[in-house]
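Right, one structure below, let's go through it.
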Ligand code: G1P
């Protein structure tokens with residue numbers, strides 16, 4: 001039986017240059033979709049998938065993330081005095097339990113693989129999830145929960161995948177696919193950001209992973225890949241054959257919130273899901289479609 005998944009790593013050290021000037025003094029992971037920061041969506045998704053320990057790999061200027069997942073005495077006290085029990089309960093609902101949230105720093109921007117490797121001592125010798133907060137998924141069942149269901153049956157490594165247009169392969173980690181039942185694709189190879197002409201398929205990894213701790217041994221070599229960075233995809237590629245490895249075509253819609261249009265799209269899609277907002281938002285959309 002596969003070991004239970006209890007820990008998740010959130011690489012949040014990136015500079016967010018694509019969202020300047022908003023991200024000059026604010027972490028990009030704190031950008032709100034409707035009224036909730038991207039990182040909170042990721043943490044809630046992890047919690048809904050059974051994750052108990054939350055490991056953040058941060059960097060300079062990311063203190064707002066630590067504050068967000070901490071009690072704010074002044075705010076709590078004000079809410080109590082003003083009798084705003086609902087707002088208070090909502091704040092407490094998603095707060096990680098004491099001692100269950102951990103922070104380490106990626107001191108140099110050497111790539112996603114390096115960021116994950118920085119969390120090795122906090123993860124230890126157990127499977128773990130990685131969630132990239134830029135990738136936001138709107139779905140009935142949270143994306144990571146869908147992956148955990150596969151992991152509990154198959155063990156090994158599981159990544160969330162979706163088909164992308166051929167000209168976009170150079171933005172993603174791309175799968176070379178073995179057996180494929182339309183939902184689960186066996187990973188036979190992995191290439192980080194290939195040119196369309198070299199891409200083994202158009203099935204790309206979005207920012208959700210369930211990985212075995214062996215990946216740290218492969219990251220340890222610090223070999224450089226695409227863009228001169230230490231790539232998580234390259235370390236995962238070295239695990240192929242050592243155990244089950246599947247790409248899950250998850251149910252749901254993924255938004256690339258690292259991209260401005262993708263971010264606005266996510267805001268509209270999430271607002272349209274809300275009873276308190278959908279009519280108003282629909283009117284705005286209609287006004288612009290004329
Ligand atoms: C990272 C990974 C890539 C993956 C992508 C998903 O790339 O390296 O394999 O497909 O996230 O968003 P980045 O977006 O950090 O360039």
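Tabulated results
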{"read-out": "Qualifying residue in segment 102-120 (condition: within 26 Å of residue 14 (Cβ to Cβ), part of a helix (DSSP H, G or I), away from the ligand (no atom under 15 Å from the Cβ) and touching a residue at least 12 places away in the same chain (Cβ under 8 Å))", "value": "yes"}
{"read-out": "Matching residues, segment 1-38, being away from the ligand (no atom under 15 Å from the Cβ) and outside any loop (DSSP other than H, G, I, E, B)", "value": "7, 8, 30, 32, 33, 36, 37"}
{"read-out": "Segment 278-290 residues that are closer than 12 Å to residue 268 by Cβ, paired with ones that are surrounded by 10 or more Cβ atoms within 10 Å (Cβ to Cβ) (beta carbon under 8 Å, 6 or more apart)", "value": "278/271; 278/272; 281/268; 281/271; 281/272; 282/272; 285/268"}
{"read-out": "Among the candidates 258, 247, residue that is within 16 Å of the ligand (Cβ to nearest atom), at pLDDT 95 or above and surrounded by 16 or more Cβ atoms within 10 Å (Cβ to Cβ)", "value": "247"}
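The values are calculated or read from the model by the stated rules, or taken from the named source; none is laboratory data. Computed from a prediction, not measured in an experiment: that's the story for all the values here. In this analysis, Cβ positions are derived from the backbone assuming ideal geometry, glycine residues included, and neighbour counts consider all displayed protein chains.
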